[in-house]
Amino acid sequence: MTALLGAVAVLLLGACGKPAGVPAHLPWTTMQPSSVTAVRVGADDRTLSVDVPVPGGAAACVRDLRAVVTDRVNGAVWVQVTFSSPSGDRSSGCTREKRATTRVTLPKPLGKLDVIVDHYTHFTRHGARPPALRLCGELGCDPPRTGCTADSYDQAVLAADVPYHTYRDSERCDGKWLVLDLSWRTGPACDDTSRPGCSSRLGDRWFFRAEKSGWVPILGSAAGGCRDVRRSEPAFPAALCASLEPLPASLRPSHPPASAPPPVSP
């Protein structure tokens with residue numbers, strides 16, 4: 001009897017030490033990672049190590065994590081990363097994230113080529129610290145220098161975090177300071193913008209300061225003149241802001257809260 005109880009205890013302790021498995025009825029779906037955090041090149045110049053976030057939790061949440069080369073074109077090696085997981089169902093327990101690494105061997109040495117993972121995430125070895133590759137940004141691997149150029153203004157628009165498809169109405173720039181008037185359409189998509197509703201838009205004015213990282217937003221303001229910007233940045237030059245007219249009220253409409261209804265008499 002004592003031996004039997006001891007055997008049961010060993011089984012129970014062994015069961016407690018194992019992570020819970022994914023319920024058998026949940027489907028495993030093939031998917032791509034939400035991002036790619038790093039790529040490194042091996043000493044052979046052919047092995048790529050790719051770091052990605054994958055589902056994690058109390059159970060084994062990932063199977064078949066792998067990277068494959070899909071193309072070698074346009075100055076880059078194209079890589080696709082996939083894995084299988086039941087994380088689409090929260091009852092799987094795979095509700096957290098962890099980092100994982102997968103490797104792929106290239107048919108030829110990487111050389112001077114870039115690496116593009118899952119169609120969008122671009123890495124380059126130019127300006128990187130080996131063995132790591134450098135992650136490129138929204139403006140590419142070699143963003144434009146800060147200055148009074150159209151490409152530089154595009155960087156400023158991204159830095160201001162304004163709505164997608166924002167376009168520039170005007171700009172004032174001296175190389176160190178910048179003012180951009182921006183607007184974005186809010187009406188339906190139309191071939192003829194003269195039709196009612198087709199030309200409706202909102203907008204804003206942003207002030208920027210040049211730094212090593214590019215144009216850095218100071219503030220957004222619809223007011224004319226220099227008062228608002230000089231409260232935040234006294235050094236902002238009057239030559240760029242003194243003659244600014246206030247933005248039309250239609251670009252930044254005010255929506256005050258509705259007044260409270262009068263009390264109901266008993």
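Over the range 21-61, what relative contact order in percent results from Cα pairs under 8 Å that are six or more residues apart?
Rounded, it is 42 percent for the range 21-61.
Computed from the mean reciprocal separation of all distinct C-alpha pairs, what Kirkwood hydrodynamic radius does the range 11-150 have, in Å?
In the range 11-150 this quantity evaluates to 17.0 Å.
For the range 32-165, give me the percentage of DSSP beta bridges that are antiparallel, rounded to the nearest 5 percent.
The answer is about 90 percent antiparallel.
Run the numbers on the range 63-135 and let me know its relative contact order in percent, using alpha-carbon pairs under 8 Å that are six or more apart.
RCO, the range 63-135: 28 percent.
Which value, in Å² rounded to 10, gives the accessible area of residue 89 with a 1.4 Å probe and all protein chains present?
60
Any idea which of 111, 150, 163 is furthest toward the positive side of the dipole for the range 48-178, if Lys and Arg beta-carbons carry +1 and Asp and Glu beta-carbons -1?
111
Does anything in the range 23-53 have its amide N under 11 Å from the 7 Å Cα→Cβ label point of residue 89, and if so which residues?
Of the residues in the range 23-53, 23-29 have backbone N under 11 Å from the label point off residue 89.
Select from the range 128-187 those chymotrypsin sites (Phe, Trp or Tyr not before Pro) which occupy a DSSP coil region and have at most 12 other Cβ atoms within 10 Å, ordered by residue number.
When the chymotrypsin sites (Phe, Trp or Tyr not before Pro) of the range 128-187 are filtered for loop state and at most 12 Cβ neighbours within 10 Å, 164 remain.
With unit charges on the beta carbons (Lys and Arg positive, Asp and Glu negative) and the dipole taken about the Cα centre of the range 57-187, which residue among 79, 58, 120 sits farthest to the positive side?
58
The values are calculated or read from the model by the stated rules, or taken from the named source; none is laboratory data. Quick caveat: nothing in here was measured; it's all calculated off a predicted structure. We place every Cβ from the backbone using ideal geometry, glycine too, and count neighbours over all the protein chains shown. Protein only, heavy atoms only, side chains kept; ligands, DNA and RNA dropped before computing areas. Shrake-Rupley method; radii C 1.70, N 1.55, O 1.52, S 1.80 Å.
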